[in-house]
1. What are the residues in region 254-296 that are in contact (Cβ under 8 Å) with a residue 24 or more places away in the chain and outside any strand (DSSP E or B), if any?
2. Return the pairs, sorted by first residue and then second, in which the second residue is charged (D, E, K, R), the first residue lies in region 115-129 and is touching a residue at least 60 places away in the same chain (Cβ under 8 Å), the beta carbons are less than 6 Å apart, and the residues are 6+ apart or on different chains.
3. Just for region 60-106: of the residues that are modelled with pLDDT under 85 and not polar (S, T, N, Q), which one is nearest to I151 (Cα to Cα)?
4. Take region 196-232 and flag every residue that is small (G, A, S), surrounded by 16 or more Cβ atoms within 10 Å (Cβ to Cβ), free of Cβ contacts under 8 Å to residues at least 40 places away in the same chain and not in a loop (DSSP other than H, G, I, E, B).
5. For region 111-142, how many residues meet the condition of being surrounded by fewer than 16 Cβ atoms within 10 Å (Cβ to Cβ) and at pLDDT below 70?
Amino acid sequence: MNSASTEQTVAAPINRPAPASRAPVWQDYLLYFLGIPAGLAVVFSLVGTRLTYGMPYLDALIYMLLHMFTAWWTVNLGAFIIKYSFRSWRPPTISVCILGLMIALLPAAFLFQLLGDFYATLYAVFETNRTDQIQPSWTLEYLAHFIRYSIPVLPTFLIGVYGYRYATGVDWFGYPRTETVNPQSDDDLTADTTTVTQANVGLIEGSTLPANARILAIKAEQHYIQIWSDQGAELIRYRFKDIGNALAECNGSQVHRSWWVNFDKVESCRNVGRKLELIINDKLAVPVSLAYKNAVLSKLDARKKS
């Protein structure tokens, strides 16, 4: 056996826990964003509410559909804003839902006021039903009244989020788990092997891409980085100079003042004038600075020989 075969690297064992959730498909979007609010509207239209007393059932149902879609979409939008705004901190789902509801209250109050004003022009009974409560207006009294009557929205929202996760496995406001590397056993320590870390997205804190997604390339964008992987791309707030430390054990390196490349994913290279360009796929080509050109060519030659 030659020396090259004895120096073959072996990947460290990786513990991949069973995922707590799965990625949503198009049926999930229809069921969650249309089915749930529609079901709530049917229930409330059958039970009856103060505003719709005396209205024909079909008209009350249409009002409740508009009401529930407005509430459900607004609160979910607020939660998604919180989720992506604080993705580097990865808060728990319940915190995302509560904060999302809080930032959704003001726009929801505005939308409900417009909806109520519109229905008041169509149905006299609807306008009459509003007279025994504080009239919609942009005052602290009205906003306090609106918030007080919005308290039941929170448990309803949480039941919808957690119930859907329990029933389908889709966690809309959770973050994907990162992979963990098992400590080496005594046998591993005595073996003559070198640990190799795959350039997975899970090594970059704050990314919402699947943790086992293989990184293709990373580009600096001021205070952010653009990540390309084999399972999608995203822009996150992250210091590019920290990439070298996060991916130090991976088969890749910085090839430009604003680019990092996974050499395992380079398909080919080409000269562009005096400079070099790495072809990752038909949609992604990475420039190589002159300062890095010789080192990159050496790395690619070594990969061919291995």
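The values are calculated or read from the model by the stated rules, or taken from the named source; none is laboratory data. In this text, all values refer to a predicted model and were calculated from it rather than measured experimentally. As a convention, Cβ positions derive from the backbone with ideal geometry for all residues, glycine included, and neighbour counts pool all protein chains shown.
1. R257, S258, F263, D264, K265, V266, S289, Y292, A295, V296
2. N129/R50
3. Taking region 60-106 first, the residues modelled with pLDDT under 85 are 60, 87-90, 105-106.
From what is left, the residues that are not polar (S, T, N, Q) are 60, 87, 89-90, 105-106.
Values: A60: 22, R87: 26, W89: 27, R90: 25, L105: 10, L106: 14 Å.
Across region 60-106, the extreme among qualifying residues is L105.
4. G202, A220, S229
5. Residues in region 111-142 being surrounded by fewer than 16 Cβ atoms within 10 Å (Cβ to Cβ) and at pLDDT below 70: 10 in total.
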